[in-house]
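Each remark here refers to the structure printed beneath this line.
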Amino acid sequence: MARRLPDRRLLAPWALPILLAACGPGGDTVADGELVDADGDGFFANDPDERNADCDDRPVSGAAVFPGAQERCNGLDDDCNGTIDDSYALGVLEFWPDNDNDGFGVRVENPAQACTRPLGYSANRRDCDDNAASVYPGALEACNEVDDDCDTEIDEGFDLDADWFLDNDRDGFGGKNVVDTGCPDRPDYVRDNSDCNDGNRLVFPGALELCDQVDNDCDGLIDAEDTDGELIGSRRWYLDADGDTYGTLLGPLDLCPTDDVPDGYVTDASDCNDADARQNPESVWFLDADRDGFGAGPTWPEKQCWQPFAYSLDDTDCDDADPRSWKGRVWYADADRDGFGGPTPVGVGCSPQAHWVESNDDCDDRDPAINLLAAEVCNGKDDDCDGAADDDDEDDVPTGRTISWGDADGDGYGAWFREVEVCGVPPGNVTNADDCDDRNPLRTPLTQWWIDRDRDGFGDPSSTPIQQCEVPPQRVDNPSDCDDTAFDRNGLTPWWTDGDGDGLGSELEPAGYGCLEGTPGLADTPGDCDDADNTEVTGGCFGPQIGTVQLFLDVDLDSFNVSATLSCDDTAATKLTLAAGLLDAGRTLSSPVREIDADATCIITFVWNGSDPSLDGPPGARVKSCGDEIGAFSPTTTQKISDPFEVEACSGCLDPDAYNYDPTVLIDLADEACIYLSPPVVVAP
């Protein structure tokens, strides 16, 4: 009799595997007709009621699958209703119709509910036009009057005022004429108008140039004229500069079949030396054992362009063991026997005659002292044949140069700091550096110096001079002192004309300078006022005697009219006039100064009329001559007065003890023209 399974309500889930194990192989089996719940979920796989039958009774893994279980999005029929992942399953998602299959769905009232995205649906609802696959969020905005990227803006980023051009040949480049603006509605419109032939799709900027007599890339050049890039259908030609029918890879020409090939171009570019016609792929090379560039031995086994080591194209070597012997060697005559030949060749060959040399750079083949190995000498010649002679030869300092010194003052003696060493003595230089003052030609080693005891700058001619450049103490370089014990007796002592012999000179300027003691008619003191009278010896008078006059008006009234006129000897040049009215009290007017001849008779006319509210006296006029007042005019009542007076002589300096050297000075103060000297200083003429 079979055992009955325990009530499932009393069986703990963890006990189910133990129980099943007990019933497994080696244990008791389930009897026919018994209900089986292998996964312990309370539902039987062989339940007679199919609605309650467990559709997955596998132990452990089938425990969550049974009729009425919660459907989940897991790829299983959890509730045993025959449908996997129903729309009401736990974890189901909403999906939106994507009719244009652009990956973006459109919003609808009832989106699809499913665990995985159904065909024709999208997991988002952001599409703004589900009938256009090119319209979706993030799409590239095109100029088509459509919101391609679903950002609510149309044709953003495009210049809607831009011009469009018809691209007739569909090569991506339009013609020259504007056919539309904004966004075109035809695919054959482009923004570019650089096509130079809009009827040929092989012609546009950047196209490959073809040998077709057409400007394919629109750069203005046709076929071989266009050297910017590859020329389709052309043939390449190479320059053959040496004419050996082999060209060089440098500077090739691409020419079309219809082009003329320039002279000197070939199709072979295998030349390795296009400057030598002997060297090309057909060249034969001769062994050059002595490395002199000339071969004489066996040839290289094969013809080739590149030079093998120790081989030469030239087979004219006389002796391939002597690098100085070959058939074409040029010889030059060495006339002066210095080992260097002149510029004219005298023979060619392997064996030279006597006094033939291979050098031809002797610049004077008549002088053996002149050649490339000679030293430069100060002789006016290019001794070393470098193109420069004497000091002009910067590469070879000449021997025999002279040291000299600049003589700026031309006294025959140079300054030590002006030393130069060149070939010869430059103009203005001397061969000694003995000058102590190169700014003074009188200061040389031969300058003589005399004693100057009285320090007046003049030496005693009776003293013994010292001859040297520098100044000795208490000596000067002139011996013209009259008395070396008296400071004022020397070669610059002034002497004035003394006509009356009273010991005073009368002239303004000295009559002479120097040691003139005892000379008749001269005096060493100026200032004689009358040089015809030897009894007048007061001194202090110089030159012409003049008079100076100044006119003043002193006003102290409040309201009046005054005028004053001064006229001397009735001449217009001496007339002075002052007039004033309505002047403030205390105001003073001064006339210009006039120079009046001595002993002139002058008349002053003074007019005043008005009132004197302050009652402090009438106005007045003052006349001054030589700084002293001549007269004052002050009428007591309103009236006109005319008074004559004489101008007395004066010298401009009123102090008889002063020396006056400028009596023409017009003065207002007594000492302006006075000069006080003790002893007097006289400036030499």
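The values are calculated or read from the model by the stated rules, or taken from the named source; none is laboratory data. Bear in mind the structure is a predicted one, so any value in this text is a computation, not a measurement. No Cβ is skipped: glycine too gets one built from the backbone with ideal geometry, and neighbour counts run over all protein chains shown.
Summary of values
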quantity: Of all residues making up region 440-463, the number that are touching a strand residue (DSSP E or B) at 6+ places or on another chain (Cβ under 8 Å) and either in contact (Cβ under 8 Å) with a residue 60 or more places away in the chain or hydroxyl-bearing (S, T, Y) (or both); calculated: 2
quantity: Unmet criterion (only one of (1) small (G, A, S); (2) in contact with a helix residue (DSSP H, G or I) (Cβ under 9 Å, 6 or more places away or on another chain); (3) at pLDDT 80 or above) for G27; calculated: (3)
quantity: Inter-residue pairs, beta-carbon under 6 Å, first in contact (Cβ under 8 Å) with a residue 60 or more places away in the chain and in region 328-341, second in a loop (DSSP other than H, G, I, E, B) and surrounded by 15 or more Cβ atoms within 10 Å (Cβ to Cβ), 6+ apart; calculated: none
quantity: Hits in region 208-225 (condition: touching a Ser or Thr at 6+ places or on another chain (Cβ under 8 Å) and loosely packed, with under 14 Cβ neighbours inside 10 Å); calculated: Q213
quantity: Subset of region 354-368 [touching a Gly at 6+ places or on another chain (Cβ under 7 Å) and either of a type in the set (S, T, Y) or assigned to a loop (DSSP other than H, G, I, E, B) (or both)]; calculated: S359, N360, D362, D365
quantity: Odd one out for L372 among (1) surrounded by 13 or more Cβ atoms within 10 Å (Cβ to Cβ); (2) closer than 30 Å to G295 by Cα; (3) touching a Phe, Trp or Tyr at 6+ places or on another chain (Cβ under 9 Å); calculated: (2)
quantity: Flag for V190 being within 59 Å of the chain's Cα centre (by Cα), among the hydrophobic types (A, V, I, L, M, F, W, C), closer than 30 Å to D215 by Cα and surrounded by fewer than 18 Cβ atoms within 10 Å (Cβ to Cβ); calculated: no
quantity: Tally, over region 156-170, of residues that are assigned to a loop (DSSP other than H, G, I, E, B), modelled with pLDDT of 85 or more and either surrounded by 15 or more Cβ atoms within 10 Å (Cβ to Cβ) or on the phi > 0 side of the Ramachandran plot (or both); calculated: 4
quantity: Single condition A296 does not satisfy, out of (1) in a loop (DSSP other than H, G, I, E, B); (2) of a type in the set (A, V, I, L, M); (3) surrounded by fewer than 19 Cβ atoms within 10 Å (Cβ to Cβ); (4) out of contact with any Lys or Arg (no Cβ under 9 Å at 6 or more places or on another chain); calculated: (3)
quantity: Residue match in region 274-281 (condition: of a type in the set (D, E, K, R), under 23 Å from G243 (Cα atoms) and in contact with a Ser or Thr (Cβ under 7 Å, 6 or more places away or on another chain)); calculated: yes
quantity: Considering residues of region 382-439 that are touching a helix residue (DSSP H, G or I) at 6+ places or on another chain (Cβ under 6 Å) and part of a loop (DSSP other than H, G, I, E, B) only, the residue nearest to I370 (Cα to Cα); calculated: P398
quantity: Among (1) in contact with a Lys or Arg (Cβ under 9 Å, 6 or more places away or on another chain); (2) surrounded by 13 or more Cβ atoms within 10 Å (Cβ to Cβ) - the single one F173 does not satisfy; calculated: (1)
quantity: Yes/no for C143 being assigned to a loop (DSSP other than H, G, I, E, B), over 30 Å from V261 (Cα atoms) and touching a residue at least 24 places away in the same chain (Cβ under 8 Å); calculated: yes
quantity: Region 70-113, subset over 30 Å from F44 (Cβ atoms) and of a type in the set (V, I, T), residue farthest from the chain's Cα centre (by Cα); calculated: V108
quantity: Residues of region 176-205 satisfying the condition of being in a loop (DSSP other than H, G, I, E, B) and either closer than 26 Å to E156 by Cα or free of Cβ contacts under 8 Å to residues at least 12 places away in the same chain (or both); calculated: N177, G182, C183, P184, D185, R186, P187, D188, R191, D192, N193, S194
quantity: Conditions (1) in contact (Cβ under 8 Å) with a residue 24 or more places away in the chain; (2) surrounded by fewer than 16 Cβ atoms within 10 Å (Cβ to Cβ); (3) under 60 Å from the mean Cα position of the chain (by Cα); number of the one not met by W285; calculated: (2)
quantity: Region 231-272 - residue that is surrounded by fewer than 19 Cβ atoms within 10 Å (Cβ to Cβ) and not in a loop (DSSP other than H, G, I, E, B) and, of those, nearest to the chain's Cα centre (by Cα); calculated: L253
quantity: Verdict on C128 being within 30 Å of D180 (Cβ to Cβ), in contact (Cβ under 8 Å) with a residue 40 or more places away in the chain and part of a loop (DSSP other than H, G, I, E, B); calculated: no
quantity: Every residue from region 260-294 that is within 11 Å of S312 (Cα to Cα) and touching a strand residue (DSSP E or B) at 6+ places or on another chain (Cβ under 7 Å); calculated: V284, W285, F286, L287, D288, D292, G293, F294
quantity: Count of region 448-496 residues which are of a type in the set (V, I, T) and not in a loop (DSSP other than H, G, I, E, B); calculated: 3
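Let's see how each residue does on (1) modelled with pLDDT of 85 or more; (2) surrounded by 12 or more Cβ atoms within 10 Å (Cβ to Cβ); (3) in contact with a Cys (Cβ under 6 Å, 6 or more places away or on another chain); (4) under 30 Å from D127 (Cα atoms):
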| residue | (1), (2), (3), (4) |
| --- | --- |
| I18 | no, no, no, no |
| D39 | no, yes, no, no |
| D54 | no, yes, no, no |
| G62 | no, yes, no, no |
| P67 | yes, yes, yes, no |
| S87 | no, no, no, yes |
| P111 | yes, yes, no, yes |
| C115 | yes, yes, yes, yes |
